[in-house]
Structures are given as structure tokens and as C-alpha cells.
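Only one structure is covered here, and it is reproduced in the block below.
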Amino acid sequence: MNSLEHREALATFYKKQSYIFHLFAQLKLSDTASKHFQRLHRFYFYFVLICWVLYFDITCLIQLVLNITDLNEVIKVFYVFATALGSFAKFAAIKVKNNLYAELIETMHDPKYRPVNSREVKLFRQSQRLSRTVRNLYTVISLVALNALLLTQYIIDNTQLPMSIYNPVNTDTELRYALMYIYQYFAASVCCYTNVAFDSISSSFMIHVKGQLDILCDRLEHLGENSEAEEEGITQQLKDCIKYYDDIIRIVQMAEDLTTLPISVQIACSVMVLVANFYAMSFLSDMANFIKFLIYQLCMLSQIYILLYFPSEVTAKSEEVPYYLYCSKWVNWNRSNRKLALLMMTRFDIPIHIKSVIPTYTFNLAAFTSIVNSSYSYYALLKNFNSSNQ
């Protein structure tokens, strides 16, 4: 594989990410952008932040405070409010750390992360396809849940708004009702698209890291096969592999810095959403509303799953790295290279963990199971508490 093919393979990976990678990269304007365009860009950001994100959160909060004694109304507000809070955390994180996003994407384009042979190109393209598939499936699930939540309400009952939030105007006329309905739809859509963009790029970062670990494992397994000066070449390949591993760690640290806080907030919000949905579904009598909440529940579960599954895959793959070094033909190496390989295995023995805001809590599938179990336990406690007070 020549360097042009390598560049094309890498370019294809990012091209397949479509708007998602570019959405984050373009938050940091180029130095050549005119001052007029910079002002428009800044106005656009604050317009979306204030009119669609913050105002939506505030209306949810007001509705929650006004109905704090009505448990059923609180549940109706919570499943929307918690989602809005998670979206706000992601929206703010994107803006605050947009320079780091640009730096990370630029780092991932560095030539040292490119595949160097047909085996590595195949592994790289597998990561590309997986990233694209996850993005597309998650987008479809999110849009189906969004429209099931909002559009079906008009079909079922066109006198009630789809979400229980504070309405500053009375919806006693068709025009006012239509205006508030359109506002809720667009406000919820902003939350939806923010979640799709952030969650997809966060999972893509982890898929990319896992793909880089796959390439590292392939290089370790085939150490010395294409070495011209056998022992000296093996020594250099061993050194290159440990440098490559350190480069992967650098990407992990940058991605962790970008995603840890928003994902931690999202997980906390998701627990509240799951509890509220479980509670709401238990009192639904008609099938249409039950299906609507079921779709929304599945969307929330898929959101948590992709945010926790791929960090778990990174950890699992990093634990396999010493094994692939052991699979190389190290028995034929000289004493110096065997000693260097032993030191490398000691270094590889420390797996990569993606930590949350609580350092002892990592993102993995065990956390996903814990979240689902905790949500159901909180729902059961809430239902028993409500039943005892009736």
C-alpha cells in the first residue's frame, strides 16, 4: 500500500462520519474567517443556546416547581427535563472545549496513525464501517423516538401538547396551540440532534482507538517478519510499537478529557429518564401511548449502551495486547530483544480504562447493567411509595 492509498483510506473514514466529525471541527473557525462571519457564527451559537436550549430547560424547571406536589405531573416533566439537561451539558462541553476537539481530530489525522499494509487497511476499514453503522442506526432510533413522542400526540389527542412544560401563552386557540406545538417539536429536535452528534462522535472516538489497538496487535503478532537486518530490525520494530502504544494512549487521554463530564451527566440524567419512563408505562392503559413510551425507553437504553459498550471494547482489547506480543516469534530473538519484549509486556499489562468524573468508576458494560438495575429499583421504590400514600 502506497502513501496515497493510506491517505485515501483515512480520508474515507472521516468522510463516512459525514456531518458528525465536521460539526465539532467547525465549531472552531479557521483563522482566515472574516470578522463578519465570526460575529454571525457567535450570534448563531448564542441564539441556539438561549432560545432553544436554555429556554427549554427553564420551562421544564418552572413546570416542575409549579407541580412539585403532584407526583404524576413531576414524572411527566422529569423524562423531558432530564433529557434536556443531558443535551445542555453536551452542548456546553462542545463550545467550551472546541479547541481540544479540533486538536484531537488533527492528531488523529497524523501520518503515524495510518495503516502500512493490507492487513492494517482491512482493520482500519472495519472500524470505519462499524463507526458509520453505529451512527446511522443510532440516528434512525433517535428520530423514530422523537417523532413517536411528538407526532403521535397530535393523532391521539390534538388538544394536549406532547410535552409537559410551562407554556407562557394560553393554548385555547388553534393558532396558539400550533405555535406551542411547533416550538416543542423544534426544541426537542435540538436536544435530539445534539445527542446524536455528541454520542456518535464519542463512540467513534472509542471505535477509532479500538481500531488502532487492533493495528498494534497485528504489528506485534508479525514482529520480525519483514525485517532486513534481523535483530537490529526487530529492536527497531519493538521500539516503534511501544511508541505507537504511547500515541494511542495520548488519543485516549484527549478523548477522555472531552467526553468524561458530558457522558457522566448523561448517565445521571438517563437514570432519571428510565425511572420516569418505567413509572409512566406502568399506568398507561392504551396501547398507543404504551408503544410511544416503549420506543422512547429503547432509545434511551441504546444511548447509554453505545456510550458504555465501546469504552468497554477498548478496555477488553487493551487487555489482549500482551497476548499478541507473546504470539510473535520471540523465542528466536536474541537476549536483548527478549528482555525488551518482557519490559513491553509489563507495560501492556495495565489495561486502558475510560474513567468517569469519579476516578474509581469506569465506563463499561458492567456500568450499563448497574444503571438498568438501579433504574428499575428506583422505579419499584417510587411505585411502592406512591401506593402507600394513596
Task: Distance between modelled label sites at GLU225 and TYR326, nm, 7 Å Cα→Cβ extension - done: 2.0
- [ ] Tabulate in residue order the Karplus-calculated ³J(HN,Hα) for segment 263-276, using 6.51 cos²θ - 1.76 cosθ + 1.60 with θ = phi - 60°, rounded to whole Hz; enter x for Gly and Pro.
- [x] 5, 4, 5, 4, 5, 4, 5, 5, 4, 5, 5, 4, 4, 4
- [ ] Please arrange ARG219, ARG42, ARG335 by accessible surface area, largest first, computed with a 1.4 Å probe and ligands excluded.
- [x] ARG335, ARG42, ARG219
Task: Three-way shape call for segment 99-140 based on the alpha-carbon gyration tensor, with the a/c threshold at 1.5 - done: oblate
- [ ] Would you please classify the overall shape of segment 27-129 from the alpha carbon gyration tensor, given that a ≥ b ≥ c denote the square roots of the eigenvalues, rounded means a/c under 1.5, and beyond that prolate means a/b larger than b/c while oblate covers the rest?
- [x] oblate
Task: Most fluctuating residue given options MET206, MET108, MET345, as computed from a GNM of the chain linking Cα atoms under 10 Å - done: MET345
- [ ] For helix 98-108, report the angle its Cα long axis makes with the longest principal axis of the Cα atoms of the chain; keep it between 0 and 90° and round to the nearest 10°.
- [x] 30
Open item on the list: Could you put ASP214, ASP199, ASP257 in order of accessible surface area, largest first, with the 1.4 Å probe and the full protein assembly present?
Closed with: ASP257, ASP214, ASP199
Task: Spacing of the two label points (7 Å from each Cα toward its C-beta) at LEU66 and ASP218, in nm - done: 5.9
Open item on the list: Can you give the local net charge around PRO322? Use residues other than it whose beta-carbon is closer than 13 angstrom to its beta-carbon, Lys and Arg +1, Asp and Glu -1.
Closed with: -2
Task: Estimated FRET transfer efficiency (ILE291, ASP257; beta-carbon r; R0 51 Å; 0.05) - done: 0.80
Open item on the list: Need one word for segment 67-126: rounded, prolate or oblate. Basis is the Cα gyration tensor (sqrt eigenvalues a ≥ b ≥ c); a/c below 1.5 gives rounded, then a/b vs b/c decides.
Closed with: oblate
Open item on the list: Run the helix sum for the chain: -39,500 (n - 2.57) per DSSP H stretch of 4+ residues, divided by residue count, reported at 222 nm to the nearest 500 deg cm²/dmol.
Closed with: -27500 deg cm²/dmol
Task: R0 of 45 Å, Cβ-Cβ distance LEU49-LYS243: FRET efficiency to nearest 0.05 - done: 0.60
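Once neighbouring chains are kept in place and the probe is 1.4 Å, which whole percent of the accessible area of segment 192-262 is contributed by carbon and sulfur?
Within segment 192-262, the accessible surface is 45 percent carbon and sulfur.
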TODO: Please work out the FRET efficiency for the pair SER189 and ASP349, using the Cβ-Cβ distance as r and a Förster radius of 45 Å; give the result to the nearest 0.05.
DONE: 0.45
TODO: Take HIS208, HIS353, HIS41 and sort them by solvent-accessible surface of the protein heavy atoms, 1.4 Å probe, largest at the top.
DONE: HIS353, HIS41, HIS208
TODO: Measure nothing fancy, just the Cα-based angle from helix 71-96's long axis to the longest principal axis of the chain, in degrees from 0 to 90, nearest 10.
DONE: 40
Open item on the list: Could you tell me the extents of the chain's C-alpha atoms along the three principal axes, largest first, rounded to whole Å?
Closed with: 84, 57, 32
Open item on the list: Take VAL357 and ILE58, extend 7 Å from each Cα along the Cα→Cβ direction, and tell me the distance between the two endpoints in nm.
Closed with: 2.3
- [ ] Can you spot the lysines whose alpha carbon is less than 17 Å from LYS239's alpha carbon? Ignore those fewer than 8 places along the same chain.
- [x] LYS112, LYS329, LYS339
Task: Net lengthening on full extension, GLN236/ASN117 (0.36 nm per residue, minus Cα-Cα) - done: 41.1 nm
Task: Those lysines that a straight Cα-Cα span of less than 19 Å connects to LYS355, excepting residues fewer than 8 apart in one chain - done: LYS90, LYS97, LYS210, LYS317
Task: Carbon/sulfur fraction of accessible area - segment 281-386, other protein chains in place, 1.4 Å, % - done: 64
Open item on the list: Compute the helix-to-body angle for 55-66: its Cα long axis versus the longest principal axis of the chain, expressed 0 to 90° and rounded to tens.
Closed with: 50
- [ ] Quote to one decimal, in nm, the extra length available between ALA268 and ASN384 on full extension: 0.36 nm per residue of separation minus the C-alpha distance between them.
- [x] 39.5 nm
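The values are calculated or read from the model by the stated rules, or taken from the named source; none is laboratory data. Everything numeric in this text was worked out from a predicted model, so none of it was measured. Neighbour counts are summed over all protein chains in view; Cβ atoms, including those assigned to glycine, are modelled from backbone coordinates with ideal geometry. For accessibility, only protein heavy atoms count, side chains too; no ligands or nucleic acids. Shrake-Rupley method; radii C 1.70, N 1.55, O 1.52, S 1.80 Å.
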